[in-house]
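Peer 1: Take a look at this one; I'll ask things after.
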2 protein chains.
Amino acid sequence: MANINNAPWTENFHITSLLVNPLGRLGLYGLLNLLQETAWIHAEKMGFGMQDMEQQGLFWVLTRQSLQMKTWPRFGENIQIQTWLRAPEGAFVAREFAILTQSGEEIGLCSTSWLALDRQSKKILPAETLRPWDQIAHARSTGITPEKIPVTGTYEKIAKYRVRNSDLDINQHVNNTKYAQWILDAIPYDLHKSLKLNTYSVNFLAETHLGDEVEVHRNCSSPDVQLATHGESAYKGLRVGDEKVLFTAVLGWEKRK
Amino acid sequence: MANINNAPWTENFHITSLLVNPLGRLGLYGLLNLLQETAWIHAEKMGFGMQDMEQQGLFWVLTRQSLQMKTWPRFGENIQIQTWLRAPEGAFVAREFAILTQSGEEIGLCSTSWLALDRQSKKILPAETLRPWDQIAHARSTGITPEKIPVTGTYEKIAKYRVRNSDLDINQHVNNTKYAQWILDAIPYDLHKSLKLNTYSVNFLAETHLGDEVEVHRNCSSPDVQLATHGESAYKGLRVGDEKVLFTAVLGWEKRK
C-alpha cells in the first residue's frame, strides 16, 4: 500500500566487506549501490516503484547524478542514508540524499535527476502533472544541481570492457553503478591509494547491453595528478560498436596528506 | 578481546539489490560474500582474525570450499548464516556454515578448508598444535567434505578476464569470491535463466594479481545442458602468463521446471 507523504526516508546500513575498497573504506561503487537501494525502498513505499510505474505504462530514467563526500566511512561502521523528492522543474524530478554517520553527522550529499517516460511511445512525460507534488515534495535542498557535463577537447582511451552477466541488475539492465566501477577500474591502482575522491558527477546518455564493448576515455586536459594537489578529471564512456557516448563523468579529487 | 568458545556464531543478513542476480534471487557471488563476511566476524571474535594471525607471524589460506543449496533466497528476504569450526584433521581446519531462512528453515550448507601458514617460511603449520581445539571445535558436521577436484580430460576456453582494481578486497588480494564470478560470467546468460545451481565446489590453487590475464576453461566432457535434465559442469582457471592452474571448480545444476 502506497504511503504518500513528504517526510524524508531513512535507511541504516552496516559497511560490510562487500562494500569496501582495498583501503578499507566504503568505496564509490558501494555507496552508489546503497543510495540506489535506499531510493528503491522509498519509491516502493511511495507507490513509485518500478512495478507501480509499469502498471501505469511508465518508467523512470536516471539521467544525472552528482555526489559530494566529505568522509568515506570505514569497514564495520554503520551509516544512515536519507532520501526525499523535490518538486519537479519541467520534466525533471530530483531525488536527493544525505549520508550521515551513526551519530547523525552529515558526511555526504547527493542529488539525482529523473525523467518519467511512456513505455509505449518512449516520450518524456511532464512530471509536474503526474503526481500531487505538494503532498510529496520535501522542502530541503542539498543545493547540488547535477549539471550537463560537456564533451569537449581531446580524450585518450584508457580501458576497454565487455559488458558481463554480473553487470546486470534485477531489472536485467546494466546497472548505472557499473559505469562508476568501470571508471574506477580504469584508474591506475596506485592513484587510488594517493588520491581522495571528493565529488562524482555523471550523465547517463545511453543504455548498454550484455556483450557490448565499452571504452573508457579520459579527457587529456584533466590536471596531472603528479603535479596538482587537487583537481577534476573528466571521463566518457563510448560503445565500440556505434561510437555512441554512453556516459560522461567528472571525478573531483585531492591528494591524500 | 578474544572470546574463545565453541558455540556456532550467527549473523543476520537482508538480501539487498547488491546481492541479487537478474533473476531477483541471492546469487552465488552474493552468498559467497555473505559467508566470508560471517567467517571474518566470527574469526575476529575468536581472536583468529587476520590481524591476530599477523601478530603471531601466521596467516590462513582458504584451500577448498563446497556448498549445497536447496533454495536461493529472494530479494528483500532476511536470512541467517551460522558458522562454526571443526577440529583439524592433519593440517586442515574446517569452517562450516548453515544457511537458514528467517524462520529457521535450513536452505543450505557449506564447508571450507583452511591451512595455517608461517608468514616468513610460507611453510604449512600443524593446525592441531596451534590452538586448544577441544575448547573451540564444535561437534556438528555438515557431512560435506570439500574434495580435491581432478584436472583431467579436454577443456575448451570460454572466457578471458584481466584482474581489475575492483577484484581486490580489503586485504589487497584478489578475493576468492571473484573466481566464482568469473565462472558465472563465462556461462551464457540464457543458461542462467534455465538452470538452477544446486552445488558449487572449488579448489584454490594459486593466487592471482592485479593485471593478470585469467582464462576460464570448461571441461568438454561436462554434460550437454540442452539434453540433460541435471548434471555437473567442471571448470578451471588458468593464468595466461605462466599457464598455471589457479582454480578448479564444479557446478552442479538442474533444469528449472
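The values are calculated or read from the model by the stated rules, or taken from the named source; none is laboratory data. Predicted model only: the values in this text are computed from it and were never measured. Neighbour counts are summed over all protein chains in view; Cβ atoms, including those assigned to glycine, are modelled from backbone coordinates with ideal geometry.
To keep it simple, each residue is scored yes or no on (1) closer than 22 Å to A:Asn21 by Cα; (2) of a type in the set (A, V, I, L, M); (3) touching a Cys at 6+ places or on another chain (Cβ under 9 Å).
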site: A:Leu184; (1), (2), (3): yes, yes, no
site: A:Glu207; (1), (2), (3): no, no, no
site: A:Asp212; (1), (2), (3): no, no, no
site: A:Val216; (1), (2), (3): yes, yes, no
site: A:Cys220; (1), (2), (3): no, no, no
site: A:Pro223; (1), (2), (3): no, no, no
site: A:Leu227; (1), (2), (3): no, yes, no
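Peer 1: Just to be sure before I move on: is A:Ala116 part of a strand (DSSP E or B), over 14 Å from the mean Cα position of the chain (by Cα), under 25 Å from A:Leu251 (Cα atoms) and among the aliphatic types (A, V, I, L, M) in the structure I sent?
Peer 2: no
Peer 1: May I pose another question? Would segment B:122-137 turn up any residue that is assigned by TED's automatic domain parsing to the domain that holds B:Thr38 and part of a strand (DSSP E or B)?
Peer 2: Yes, segment B:122-137 has at least one match.
Peer 1: Being more than 10 Å from chain B (Cβ to nearest Cβ) and either on the phi > 0 side of the Ramachandran plot or touching a His at 6+ places or on another chain (Cβ under 7 Å) (or both) is the filter; apply it to segment A:2-37 and report the residue that is surrounded by the fewest Cβ atoms within 10 Å (Cβ to Cβ).
Peer 2: For segment A:2-37, the residue satisfying everything is A:Pro8.
To keep it simple, each residue is scored yes or no on (1) buried (at least 18 other Cβ atoms within 10 Å of the Cβ); (2) modelled with pLDDT under 95.
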site: A:Thr129; (1), (2): no, yes
site: A:His138; (1), (2): no, yes
site: A:Tyr155; (1), (2): yes, no
site: A:Asp167; (1), (2): yes, no
site: A:Ile170; (1), (2): no, yes
site: A:Phe204; (1), (2): yes, no
site: A:Leu210; (1), (2): no, no
site: A:Ser221; (1), (2): no, yes
site: A:Gln226; (1), (2): no, yes
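Peer 1: Of the residues in segment A:103-133, how many are farther than 27 Å from A:Gln80 by Cβ and in contact with a strand residue (DSSP E or B) (Cβ under 9 Å, 6 or more places away or on another chain)? Let's see the steps before the verdict.
Peer 2: The first filter runs over segment A:103-133 and keeps only residues farther than 27 Å from A:Gln80 by Cβ, leaving A:115-130, A:132.
Checking which are in contact with a strand residue (DSSP E or B) (Cβ under 9 Å, 6 or more places away or on another chain) leaves us with A:115-119, A:123-128, A:130.
Here the count works out to 12.
Peer 1: Does segment A:193-202 hold any residues that are surrounded by fewer than 18 Cβ atoms within 10 Å (Cβ to Cβ) and over 19 Å from the mean Cα position of the chain (by Cα), and which are they?
Peer 2: The answer is A:Lys193, A:Ser194.
Peer 1: I'd like to know if segment A:46-65 contains one or more residues that are more than 8 Å from every other protein chain (Cβ to nearest Cβ), surrounded by 20 or more Cβ atoms within 10 Å (Cβ to Cβ) and over 13 Å from the mean Cα position of the chain (by Cα).
Peer 2: There is at least one residue in segment A:46-65 that is more than 8 Å from every other protein chain (Cβ to nearest Cβ), surrounded by 20 or more Cβ atoms within 10 Å (Cβ to Cβ) and over 13 Å from the mean Cα position of the chain (by Cα).
Peer 1: Out of A:Phe59, A:Phe48, I need the residue that is of a type in the set (Phe, Trp, Tyr), at pLDDT below 90 and outside any strand (DSSP E or B). Which one?
Peer 2: On the way: A:Phe59 fails: outside any strand (DSSP E or B).
After ruling out the rest, the residue left standing is A:Phe48.
Peer 1: I need the full set of residues from segment A:145-183 which are in contact with a helix residue (DSSP H, G or I) (Cβ under 6 Å, 6 or more places away or on another chain) and either more than 13 Å from chain B (Cβ to nearest Cβ) or outside any loop (DSSP other than H, G, I, E, B) (or both), in order please.
Peer 2: Taking segment A:145-183 as the starting set, the residues that turn out to be in contact with a helix residue (DSSP H, G or I) (Cβ under 6 Å, 6 or more places away or on another chain) are A:158-159, A:161, A:164-167, A:174, A:177-178, A:180-181.
Listed by number, the residues that qualify are A:Ile158, A:Ala159, A:Tyr161, A:Asn165, A:Ser166, A:Asp167, A:Val174, A:Thr177, A:Lys178, A:Ala180, A:Gln181.
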